[in-house]
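Peer 1: Quick one: structure below, then a few questions.
Quick note: the coordinates plus some simple rules give every number you see, no bench work behind them. Computed from a predicted structure; not experimentally measured. Note: ideal-geometry Cβ built from the backbone for every residue, glycine included; neighbour counts use all protein chains shown.
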Amino acid sequence: MLEMLSYEFIQRALIASVIIGLVCSIIGVFVILRNLTFIGAGTSHAAFAGVTLGYLLNYNPLYFAVVFSLLTVWIVGYLNRMGYLKLDASVGIFYSLTMALAVLFIGLMKVYNAEVYGYLFGSILSVTKGDLAVILILGLAVLSLVYIFFKEFHFITFDEELAKASGIPAGWLSFLLLTMIAMTIVISLKSVGAILVFALIVTPAAAAYQLTYSMIRMFLYSAIIGIGSSVGGVFLSYWLDLPSGATTVLFVSALFFLSLILSPKRGYNS
Amino acid sequence: MKDNVIIRFSNATIAYQHRTALTNINLEIYQGEFLGIIGPNGSGKTTLLKSILGLVRPSHGTVQIFDCACHKLRCHHKARIGYIPQKGQIDHNFPVTVMETVMMGRYSSIGLFRRPSNDDRELVKKALVEVEMDGYTNAPLGHLSGGQQQRVLIARALVQQPEVLLMDEPTTGIDTPTQYSMIKLISNLQKNLKLTVLLVTHDINMISPYVDRMALINTQLHAIGTPAEVLNEKVLSDIYGKQVVVATRSGGTYVIVGDYHHA
């Protein structure tokens, strides 16, 4: 095990796992409690479309992933807020539209590009120093915003209209939360992949939801499960020589089913 | 009393995309009064409260509170209005305790970027004592009965230290004895804290002994006055589309609505 930790790429993978596991699981609490689960799936596919366009135009794919994912959450959020379309319907439209764009951009590439598929399924062992810096900066930004606006996010998650009536700027805070979800997806894209990042956001929070009636504890349990699964996934991937995205999601899913069994809400202890 | 108008509707019409909820409302509500708002389903009662909160704005006319247009209220004004919305189904498993729920009432006063202080925590405890829920501080909100949850939501409004309390059907989904204790509690709080209370309800008989005035609404304001003035058989029959009998007993006025037939 010590030998494994001496490799620089493993060290980078583990640091990235801890940050991504923490950020995804914290933001996931709001995703679960505000019923935004599907928006996570739609946004990750939009970000993937951005990545493919970046490769097609030979620019940094991360920039395009940011633009695509932000446009998706903002347009979907606006349509929902104005009452034009329900959230799941507009996410469904963007989900298929951005996947169609991704397929189109891949088709327009003259040669096969394996790196693009790395963004689809994730490859945390290939995280570079540059990737790590982006993960660290954006991850800290998301966590800082959660800390700063924690009480307001808690209130709008509990009852948005009541929060608005009480003078809380619920409108722009909701958009800020959507922006933070988009940023979380972007930083996780290369490590976990567009398809599997969604699981790392939703599953730790869903498992924590089974275990407590306190919001603070839900954050704590979600973070432990998120970091544990992310790091555990890296070890499993290295030892068993399996794709890291898959091992991480299988690990967190196992913890979710365990939480269902142990849940004081509806498990054996009820 | 008439000099102390705290809320004023002047020719206010409020319309949603496809329908008009309230038409040409002229109404003055005085500081420290307990006003009951009655009317059939879809008559605009909730819209009336939402217009005071600035959540919907009139297409014609004005709605003012504290001499400000309601849709332009700033945070410090909103903090002076306590609101208890129509109780939806609270998720049994939602992770929020009684203490956290009541503390939310302090958030607009605390402001952005700040955390609740010990003074805020003391105000929360005091509000819970006022609604007799101080023994449930750390209980999950979803584990309480409907009546207990409503008391917690009243405490959440009180902790704002409001001057005006807007309540939208606070006794819905609660058993009859609890409904009476809830109305008594609201009446006592209104008197002790000198609050202006607007209470929307379908239960005319329950509130009539406690309110100073009643407003009967069905898109328009059909009647306003003391319960004895408003509870008129002809007016109520026209509004509800059913036969109505108004009876007086032990100084109270009671309404019976339904397909009533004289023997």
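Peer 1: Any residue that is closer than 25 Å to A:ARG81 by Cβ, hydrophobic (A, V, I, L, M, F, W, C), in a helix (DSSP H, G or I) and over 17 Å from the mean Cα position of the chain (by Cα) - is there at least one of those in region A:213-223?
Peer 2: Yes.
Peer 1: Residues being under 23 Å from A:PHE219 (Cα atoms) and among the hydrophobic types (A, V, I, L, M, F, W, C): count how many of those fall in region A:1-23.
Peer 2: 8
Peer 1: Still on this structure, I have one more. Look through B:VAL244, B:VAL164, B:VAL255, B:VAL197 and report the one residue that is under 24 Å from B:ILE81 (Cα atoms) and either in contact with a helix residue (DSSP H, G or I) (Cβ under 7 Å, 6 or more places away or on another chain) or without any contact (Cβ under 8 Å) to a residue 60 or more places away in the chain (or both).
Peer 2: B:VAL197
Peer 1: Right, here's the next one. Name the residues in region B:98-132 that are away from chain A (no Cβ under 12 Å) and among the acidic types (Asp, Glu), would you?
Peer 2: B:ASP119, B:GLU122, B:GLU130, B:GLU132
Peer 1: Residue check, B:GLY135 against (1) free of Cβ contacts under 8 Å to residues at least 12 places away in the same chain; (2) surrounded by 14 or more Cβ atoms within 10 Å (Cβ to Cβ); (3) more than 13 Å from every other protein chain (Cβ to nearest Cβ), all met but one. Which one?
Peer 2: Tallying (1) free of Cβ contacts under 8 Å to residues at least 12 places away in the same chain; (2) surrounded by 14 or more Cβ atoms within 10 Å (Cβ to Cβ); (3) more than 13 Å from every other protein chain (Cβ to nearest Cβ), B:GLY135 fails exactly one: (2).
Peer 1: Mind telling me which of the residues A:THR179, A:THR157, A:THR184 ends up being within 14 Å of chain B (Cβ to nearest Cβ) and either surrounded by 23 or more Cβ atoms within 10 Å (Cβ to Cβ) or part of a helix (DSSP H, G or I) (or both)?
Peer 2: On the way: A:THR179 fails: within 14 Å of chain B (Cβ to nearest Cβ); A:THR184 fails: within 14 Å of chain B (Cβ to nearest Cβ).
From the options A:THR179, A:THR157, A:THR184, the qualifying one is A:THR157.
Peer 1: Give me the residue from region B:138-164 that is part of a loop (DSSP other than H, G, I, E, B) and closer than 19 Å to A:THR212 by Cβ and, out of that set, farthest from the other protein chains (Cβ to nearest Cβ).
Peer 2: B:LEU144
Peer 1: What are the residues in region B:101-122 that are within 22 Å of the chain's Cα centre (by Cα) and either farther than 20 Å from B:MET167 by Cα or touching a residue at least 24 places away in the same chain (Cβ under 8 Å) (or both), if any?
Peer 2: B:THR101, B:VAL102, B:MET103, B:MET104, B:GLY105, B:ARG106, B:SER108, B:SER109
Peer 1: Would you check which residues across region A:166-176 are assigned to a helix (DSSP H, G or I) and either free of Cβ contacts under 8 Å to residues at least 40 places away in the same chain or within 12 Å of chain B (Cβ to nearest Cβ) (or both) and list them?
Peer 2: Within region A:166-176, A:ALA170, A:GLY171, A:TRP172, A:LEU173, A:LEU176 qualify.
Peer 1: Inside region A:121-154, can you point out the residues that are surrounded by fewer than 19 Cβ atoms within 10 Å (Cβ to Cβ) and of a type in the set (Ser, Thr, Tyr)?
Peer 2: A:SER126, A:THR128, A:SER144, A:TYR147
Peer 1: Let me ask something else about it. Does A:VAL73 count as within 14 Å of another protein chain (Cβ to nearest Cβ) and touching a residue at least 12 places away in the same chain (Cβ under 8 Å)?
Peer 2: In short, no.
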